[in-house]
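Reading through the structure tokens given below for one structure.
Bear in mind that the values in this text are calculations on the coordinates, not laboratory data. Computed from a prediction, not measured in an experiment: that's the story for all the values here. Every residue, glycine among them, receives a Cβ derived from its backbone with ideal geometry; neighbour counts consider all protein chains shown.
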Amino acid sequence: MRLAIAGKGGAGKTTISATVARLAARSGRSVVAIDADANPNLSFALGVTPGRAASLEPLPASLVSRRVGGRGLTEPVADVLTRYSVLAPDGVQLVGMGSPAHADEGCLCSAHAVVSSLLEDLGSPERLVVVDMEASPEHLSRGTVRHVDAVCMVAEPYYRSLETVRRMAALVAELPVERVVVVANKVRSSADEQAVSEFCQRHGFELAGVVPWNDEVVAADRQRMPAIDWPGAAPLVAAVARFAGELGVDCGAARPRKPMVGR
Amino acid sequence: MRVAFVGKGGAGKSVIAGTFCRLLARADDRPVVAIDSDPMPGLAHSLGVPSTDIPLPPDIAEQVGADPDTRWVLRDGLTAADAVERYAAGGPDGVRLLQFGKLRGHVRALGPSQRAFRVLIDALEGTDWHLVGDLPGGTRQPFFGWASFADIVIVVAEATPSSMLAARRLARLAPSGRLVAVANKVVDAGDAERLGRFSALPVVGSVPADPEVQAAERAGVALLDAAPSSPAVEAVGSLLESIGAEAR
């Protein structure tokens with residue numbers, strides 16, 4: 001199961017990606033989390049220590065070559081994971097796309113190509129792959145995520161966020177992705193939930209989850225703690241577990257464990 | 001003045017930029033051009049412009065000169081002022097909104113309109129008009145030179161780790177002019193100080209967390225129309241004054 005998480009900047013993509021990844025890993029799945037944002041933040045949300053996050057090497061362009069039938073990884077995907085992933089709490093393997101370090105470094109086309117090829121080779125029913133996308137629609141527009149099984153668009157209940165989801169959905173529709181769902185985030189009231197629900201009905205989107213607003217998530221973020229390791233954020237974690245279940249990623253066996261941050 | 005707003009997605013760039021444009025237009029007679037380089041919808045709503053998808057006709061730009069010294073300029077006979085009058089959307093307070101259109105398919109499809117857009121912005125540098133840019137969230141566009149028209153690049157950030165981290169990454173930008181930060185959604189006095197310390201940027205403004213902003217966003221209405229005397233609008237007014245003093 002390969003799941004891409006998209007949405008407007010600030011909608012909560014990274015928090016939801018990290019929580020899904022850790023929940024699934026706790027329930028015994030093999031989990032790979034890909035930070036596909038040129039401005040990466042997933043390591044912190046997963047609870048990777050800063051020292052270990054600093055050792056995360058971006059995937060080099062040389063990992064991809066043209067081969068019969070199109071682009072592909074030049075090395076077995078298991079070797080790529082061994083070499084380029086860092087271990088996050090609960091056993092999640094984190095991989096980073098890489099970002100431009102300086103102005104005028106050129107385009108990110110090769111970074112997109114590597115992520116795309118990696119996703120292609122990571123497909124396996126037992127493994128969960130979570131791709132935390134950047135707000136920019138480039139991954140959708142360039143088809144970087146054509147090899148995922150589902151795209152989840154995170155929507156906040158306000159106009160611009162929903163408009164972004166609508167436009168992103170139009171881009172996803174061009175890709176051979178089987179399932180596209182919306183998850184409502186930062187829902188403060190029944191009116192908020194209704195706004196997203198009506199939006200989904202109007203455009204024929206499946207609303208697969210509703211995550212309530214929770215001040216504690218903000219508090220956890222400010223303390224650089226993953227939501228899943230912050231007791232007060234339990235309502236968010238529960239909502240994400242339900243939503244993951246809707247997508248066929250059963251997190252039912254998830255048991256609270258001692259936070260692994262800082263070890 | 002020539003400014004560009006950058007920062008992490010969701011930091012509040014468009015709300016601040018849109019309000020900034022309109023307050024600037026009210027305070028000064030020279031035209032204000034709001035430059036929206038986000039291929040996703042954004043700035044129009046914060047300005048109060050109804051239409052959100054106004055692509056620039058690619059044929060306003062043409063290639064001149066012989067190989068290898070060809071370059072793109074505005075089509076013969078077309079001035080920057082003409083192009084803006086013709087192709088920018090008119091907004092409240094006389095603000096002109098310039099866009100290259102919104103993404104519908106492969107990003108390549110936007111290429112010609114984006115080229116026309118950059119040619120027009122270059123041409124606007126020869127005017128005395130105000131240019132206010134609102135870049136997409138993250139580090140991608142700023143690092144690829146999309147804020148190069150600005151004398152002052154303003155990094156908008158919340159005092160959260162991810163937002164401040166984006167600010168610190170953006171601090172590596174080397175603009176021709178100045179790079180400053182604005183603290184947004186500020187909840188306590190320490191926020192601006194934390195942002196300054198973490199990003200190593202001078203913090204020239206501080207906009208409070210304001211429920212009026214949230215309400216305006218939910219209603220899809222420009223903040224300045226929804227809550228003209230809200231604390232957030234006042235703070236953007238102060239930001240305009242301090243940037244204006246610097247730009248002069």
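For chain A, with a Gaussian network of springs between Cα atoms less than 10 Å apart, report the residue from A:VAL80, A:VAL20, A:VAL165 with the top mean-square fluctuation. Evaluated over chain A, the most mobile residue of the options is A:VAL80.
If you take the Cα centroid of region B:53-73 and the Cα centroid of region B:120-189, the two points sit 26 Å apart. Derived scalar couplings between HN and Hα for region A:132-149 equal 8, 8, 8, 5, 4, x, 4, 4, 7, 5, 8, x, 3, 9, 5, 9, 8, 8 Hz in order, rounded to whole Hz, by the Karplus curve 6.51 cos²θ - 1.76 cosθ + 1.60 (θ = phi - 60°), x for Gly and Pro.
Helix by helix, which DSSP H runs in chain B go 18 Å or more along their axis at the Cα atoms and have an average Kyte-Doolittle hydropathy of 0.5 or more?
Membrane-span-like by this rule: B:13-27, B:231-247.
Between B:ASP29 and A:CYS109, the modelled label-to-label distance comes to 5.0 nm, taking each label 7 Å out from Cα in the direction of the beta carbon. Taking all Cα pairs closer than 8 Å and separated by 6 or more residues, the relative contact order of region A:100-256 comes to 15 percent. Enumerate the amide H contacts of A:VAL130 below 5 Å, restricted to partners 5 or more residues apart or on another chain; note that Pro and chain-start residues carry no placed amide H. HN-HN under 5 Å from A:VAL130: A:LEU3, A:VAL32, A:ALA33, A:ILE34.
Per-residue ellipticity at 222 nm, computed for chain A from helices alone with -39500 (n - 2.57) per DSSP H run of at least four residues, works out to -11000 deg cm²/dmol. Please work out the FRET efficiency for the pair B:VAL64 and A:TRP213, using the Cβ-Cβ distance as r and a Förster radius of 41 Å; give the result to the nearest 0.05. Here the calculated transfer efficiency is 0.15.
Amide H contacts of B:GLY205 (H built 1.01 Å from N, in plane; Pro and chain starts excluded): B:ALA183 sit under 5 Å, all sequence-distant by 5 or more or on other chains. Only Cα pairs under 8 Å and 6+ residues apart enter the sum, and on that basis the relative contact order of chain B stands at 25 percent.
Normalised by the number of residues in chain A, the average gap of Cα pairs under 8 Å and 6 or more apart makes the relative contact order 27 percent. Here the calculated FRET efficiency for A:ARG224 and B:ASP128, from their Cβ-Cβ distance with R0 = 45 Å, stands at 0.45, rounded to the nearest 0.05.
Among B:VAL213, B:VAL64, B:VAL204, the residue with the largest mean-square fluctuation in a Gaussian network model of chain B, with springs joining Cα atoms closer than 10 Å, is B:VAL64.
Here the simple spin-label model places points 7 Å from the Cα toward Cβ, and for A:GLU174 and A:LEU87 these points are separated by 4.2 nm.
Computed over neighbours whose Cβ is under 13 Å from that of B:MET164, the net charge equals +4, Lys and Arg +1, Asp and Glu -1. Each other residue within a Cβ distance under 15 Å of A:GLU57 adds +1 if Lys or Arg and -1 if Asp or Glu, for a net charge of -1.
Between B:GLU246 and B:TRP72, the distance separating the two model label sites (each 7 Å from Cα on the Cα→Cβ line) works out to 3.0 nm. Shown in residue order for region A:18-24 are the 3J(HN,Hα) couplings computed by the Karplus curve 6.51 cos²θ - 1.76 cosθ + 1.60 at θ = phi - 60°: 5, 5, 4, 4, 5, 4, 5 Hz (x for Gly and Pro).
To the nearest 20 Debye, how big is the dipole of chain B about its Cα centre, given +1 on the beta carbon of each Lys and Arg and -1 on that of each Asp and Glu? Intermediate values should be presented prior to the final figure.
On the way: 25 positive and 29 negative charges, 163 e Å.
In debye, rounded to 20, chain B gives about 780.
Proximity of backbone amide H atoms, modeled 1.01 Å from N, is registered between B:ILE54 and B:GLY101, B:LYS102 at under 5 Å, excluding neighbours fewer than 5 places apart on the same chain.
Using a Gaussian network model of chain B in which every pair of alpha carbons under 10 angstrom is joined by a spring, one finds that among B:ARG218, B:ARG197, B:ARG118 the greatest mean-square fluctuation is at B:ARG218.
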